[in-house]
Amino acid sequence: MEQGDRSRVLLGVDPGFSITGYAILKKDGGKAYLLDYGFLKMSSQKSLVERVGIFFTCFEQKIVQLGVTEIALETSFLGKNAQTFLKLGYLRGILYLLASKHHLIVHEFAPREVKGAVTGYGAASKDQVAQMVLRLFPKLQTLGAIERQDVTDALAVCLCGFWKQ
């Protein structure tokens, strides 16, 4: 069966060690349905090992319960803090491990590619991306501002995964 011949369930993730945003879309035929969205908050009081375990458990449950077939992520870039980059690598590694374990397809997109797919402009600001995502999915307005940013980022990556395939 070709990828386009069946429904696709895509998990978009915006990983972070404090807050990770996620969104899960199902594409059936020409329509996309928002199955789940939210954020995972991890206390800085927990050890690195505990946080990685929480991350693994949370996303494995989502994958199994909602029948995820694909994962979408933004490519990593080294910012000012190499330690943060390294820790985000752990979370990305967990997502790749889950993809391997559950036979999922992984898509990675450059930030400019995600912005371009969602807004039509690759140099769009985070706010412009969020505004466009909120137009498509207005119920996300109920989230707090900080959490909403993580969820809209995850949903933007998810949408890019659907539109680019």
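Each value in this text was obtained by applying a stated rule to the coordinates, not by laboratory testing. For clarity, every value in this text was computed on a predicted model and none was experimentally measured. Neighbour counts run over all protein chains shown; Cβ positions are idealised from the backbone, glycine included.
Of the two radii for the range 1-147, the radius of gyration is 0.95 times the Kirkwood radius, both from the alpha carbons; that is the Rg over Rh value.
Cross-link reach is defined here as a Cα-Cα straight distance under 27 Å, omitting same-chain residues fewer than 8 places apart; for Lys31 the lysines meeting it are Lys62, Lys115, Lys126, Lys139, Lys164. For the range 81-135, the list of trypsin sites (Lys or Arg not before Pro) that fall in a loop by DSSP and count at most 15 other C-beta atoms within 10 angstrom is empty. Ordering Ile71, Phe55, Ser100 by the projection of their Cα atoms onto the charge dipole of the chain, which places +1 on the Cβ of Lys and Arg and -1 on the Cβ of Asp and Glu, puts Phe55 at the extreme positive end. Taking each residue as 0.36 nm, the span from Lys126 to Ser100 lengthens on full extension beyond its C-alpha to C-alpha distance by 6.3 nm. The 3J(HN,Hα) values that the Karplus relation (6.51, -1.76, 1.60; θ = phi - 60°) gives for the range 127-139 are, in residue order, 5, 5, 4, 4, 4, 5, 4, 5, 5, 6, 10, x, 5 Hz. Gly and Pro appear as x. Look at the alpha carbon pairs under 8 Å that are at least 6 residues apart: their mean separation over the length of the chain gives a relative contact order of 29 percent. Among Asp14, Asp150, Asp28, the largest mean-square fluctuation in a Gaussian network model of the chain (Cα springs under 10 Å) belongs to Asp28. Bridge orientation summary for the chain: considering DSSP beta bridges with both residues in this region, about 70 percent are antiparallel. Full extension of the chain between Tyr90 and Ser44 gives 15.0 nm of extra length, using 0.36 nm per residue less the Cα-Cα distance. Rounded to the nearest Hz, the phi-derived 3J(HN,Hα) couplings of the range 13-24 under the Karplus curve 6.51 cos²θ - 1.76 cosθ + 1.60 (θ = phi - 60°) are 10, 10, x, x, 7, 9, 10, 10, x, 8, 8, 10, where x marks glycine and proline.
Would you mind telling me which residue in Val68, Val49, Val118 has the biggest mean-square fluctuation in a Gaussian network model of the chain, where springs connect alpha carbons within a distance under 10 angstrom? Residue with maximal mean-square fluctuation among Val68, Val49, Val118: Val49.
Here the Karplus curve 6.51 cos²θ - 1.76 cosθ + 1.60, taken at θ = phi - 60°, turns the phi angles of the range 107-116 into couplings of 10, 10, 10, 5, x, 5, 5, 5, 4, x Hz, with x standing for Gly and Pro.
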